[in-house]
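Quick notes on the structure that follows.
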Amino acid sequence: MSTGPEVRVERHDRILVITLDRPAQKNAMTLAAAHVVAEAVDRLDSSPELSVAVLTGAGGTFCAGMDLKRFAQGERPAVPGRGFGGLVEAPPKKPIIAAVEGWALGGGFELALACDMVVAAEGARFGLPEVRRGLVARGGGMIRLPQRLPRSVAMELLLTGDPIDAGRAERLGLVNRVVAEGQALEAALRLAARVAGNAPLAVRCAKAVAGAASDWPQDEVWQRQAPWSDAVFASHDAREGARAFVERREPVWTGS
């Protein structure tokens, strides 16, 4: 198991739970923690026994971003090829869900933006305060936020550094659901279990196509989708899904 002193990695059936575990430092990201996250992401994608991951933080905070004390000493919490936190530049091929309690600031917000879905507690807050420290949100904030929000709203967050609460984030579509304090991880695990119960090939195809299609020329979208969807329709799991429906039973997926 790729668990280190600053990150806990635990398996819950087909779900991999990655917990940033520096509560006294608000789970601020370090280089050591970033490497453990990267190893966990590699494990998720390489293991046929895992379907989905949940990323969360210990002690009532998701992640306060980069550890500025270590940054001042020259440390950069980025992994080559994966970027900040071992995640933002190369999210897993399989789905990953953020379970956010408390603050998701700076790089912490960017970690959440790199996830496919976000479950947030009522008291969660999201912000990109980098401009207040003479920095910029280069871990995906400047790239992903304008893609996920109306441009004027994204620019307000990027240029003022002001945070938004979970309720507004949900209304804007950044958050899938808002739950009671202390319940974000439990709710994210329920959502992850729904994903994990589905056919692995179909889930990976859906994530891949949904992530790539916005960059495809409109006159090529069906052609580019075809290799992905054809492989799913020709799979053993597609036949198993149909048989299970006819036989009124739960399907048994093989990932092939």
It is to be established whether one or more residues within the stretch 31-41 are of a type outside the set (Lys, Arg), touching a strand residue (DSSP E or B) at 6+ places or on another chain (Cβ under 8 Å) and farther than 29 Å from Asp13 by Cβ.
yes
Subset of the stretch 161-200 [part of a helix (DSSP H, G or I) and among the small types (Gly, Ala, Ser)]
Ala166, Gly167, Ala169, Ala184, Ala187, Ala188, Ala192, Ala193, Ala196
Enumeration of residues in the stretch 13-27 that are open to solvent by 10 Å² or more (accessible area, probe 1.4 Å) and more than 15 Å from the chain's Cα centre (by Cα):
Asp13, Arg14, Asp21, Arg22, Pro23, Ala24, Gln25, Lys26
Those residues of the stretch 62-83 that are within 18 Å of the chain's Cα centre (by Cα) and not hydrophobic (A, V, I, L, M, F, W, C) come to a total of 5
Kindly provide the set of residues from the stretch 62-94 that are in a loop (DSSP other than H, G, I, E, B), open to solvent by less than 10 Å² (accessible area, probe 1.4 Å) and either of a type outside the set (Gly, Ala, Ser) or farther than 19 Å from Lys26 by Cβ (or both), ordered by number.
Phe62, Pro77, Leu87, Val88, Pro92
Which numbered condition Ala137 misses (of (1) part of a helix (DSSP H, G or I); (2) under 30 Å from Glu122 (Cβ atoms)):
(1)
Just one of (1) surrounded by 14 or more Cβ atoms within 10 Å (Cβ to Cβ); (2) in contact with a helix residue (DSSP H, G or I) (Cβ under 6 Å, 6 or more places away or on another chain); (3) without any contact (Cβ under 8 Å) to a residue 24 or more places away in the chain trips up Thr254, so point out which.
(1)
Among (1) more than 27 Å from the chain's Cα centre (by Cα); (2) open to solvent by 70 Å² or more (accessible area, probe 1.4 Å), there is one condition Gly241 misses while meeting the rest; what is its number?
(2)
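A quick yes/no check of all residues on (1) over 21 Å from Thr56 (Cβ atoms); (2) modelled with pLDDT under 95:
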site: Ile96; (1), (2): no, no
site: Phe109; (1), (2): no, no
site: Ala120; (1), (2): no, no
site: Gly123; (1), (2): no, no
site: Arg133; (1), (2): yes, yes
site: Arg151; (1), (2): yes, no
site: Asp162; (1), (2): yes, no
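The values are calculated or read from the model by the stated rules, or taken from the named source; none is laboratory data. Keep in mind that this is a model prediction, so the values were computed, not measured. Every residue, glycine among them, receives a Cβ derived from its backbone with ideal geometry; neighbour counts consider all protein chains shown. For accessibility, only protein heavy atoms count, side chains too; no ligands or nucleic acids. Shrake-Rupley method; radii C 1.70, N 1.55, O 1.52, S 1.80 Å.
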